[in-house]
Amino acid sequence: MTLLSYRFISLRFVFLLSFYLVYLHLNFLKQYNIFMYAIINIAGKQFKVTKDQQVYAPKLQGEAGASVEFDEVLLADDNGAVSIGAPILAGAKVSGKILDHVKGDKVIVFKKKRRKGYKKKNGHRQDFTKVLIENITL
């Protein structure tokens, strides 16, 4: 065999090995219900959340380390079985833990009226709460 055929065999081997690893990874995700997600309403905003995900929600009451529950679950997917609420799912809850209260990026607000000498420059940083999603129950 020539060097070119060895190279072709090794590339084919790497290609097949990568497909096999992806297949194993997908089976692992299905086995441990990683495909479960929910769409929840937090202070008027909707978030698609999964277990062990961190979400930056509008500022919530509570201190860092406190647990929170969101009972406004609009949609839930449990490994392909989709449940849609009308408007919310009864008995479904998403529980989480407040990790920290943080501020968002600075937004500059600049106002000007031409030929009048009027200029105003203000900055704003929105308050957010960093929440770790711990559990989704249907």
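We did not get these values from a lab; they are worked out from the coordinates using the rules stated. Note that the structure is predicted; figures quoted are calculated from it, not measured. Don't worry about glycine lacking a Cβ; one is built from the backbone with ideal geometry, like all the others, and counts go over all protein chains shown.
Okay, here's what the table says:
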quantity: Label-point gap, in nm, between Lys97 and Lys45 - each point 7 angstrom along Cα→Cβ; calculated: 2.3 nm
quantity: Whole-Hz couplings from phi, Karplus 6.51/-1.76/1.60, listed for the stretch 40-57; x for Gly and Pro; calculated: 10, 10, 10, 6, x, 10, 9, 10, 8, 10, 10, 5, 6, 9, 9, 10, 9, 9
quantity: Residue-by-residue Karplus 3J(HN,Hα) for the stretch 118-130, coefficients 6.51, -1.76, 1.60, Hz, glycine and proline x; calculated: 9, 9, 9, 10, 10, x, 8, 10, 6, 8, 10, 10, 8
quantity: Above-threshold pairs, the threshold being 30 Å between Cα atoms, out of Lys93/Lys130; Lys48/Lys121; Lys97/Lys121; Lys48/Lys113; Lys45/Lys116; Lys59/Lys121; calculated: Lys48/Lys121; Lys97/Lys121; Lys48/Lys113; Lys45/Lys116
quantity: R0 of 41 Å, Cβ-Cβ distance Ile88-Ala64: FRET efficiency to nearest 0.05; calculated: 0.90
quantity: Three semi-axes of the equivalent ellipsoid, the stretch 33-137, Cα gyration tensor, whole Å, largest first; calculated: 37, 17, 11
quantity: Karplus-derived HN-Hα couplings along the stretch 96-106 (A = 6.51, B = -1.76, C = 1.60, θ = phi - 60°), whole Hz, x at Gly and Pro; calculated: x, 9, 6, 8, 6, 9, 10, 10, x, 5, 6
quantity: Leu99 long-range amide H proximity, modeled H, under 5 Å; calculated: Gly65, Lys130, Val131, Leu132
quantity: Arg125-Tyr56 pseudo-label distance in nm [points 7 Å out on the Cα-to-Cβ vector]; calculated: 1.2 nm
quantity: Proximal lysines relative to Lys120, as straight alpha-carbon distance under 26 Å, when same-chain residues fewer than 8 apart are discounted; calculated: Lys103, Lys106, Lys111, Lys112
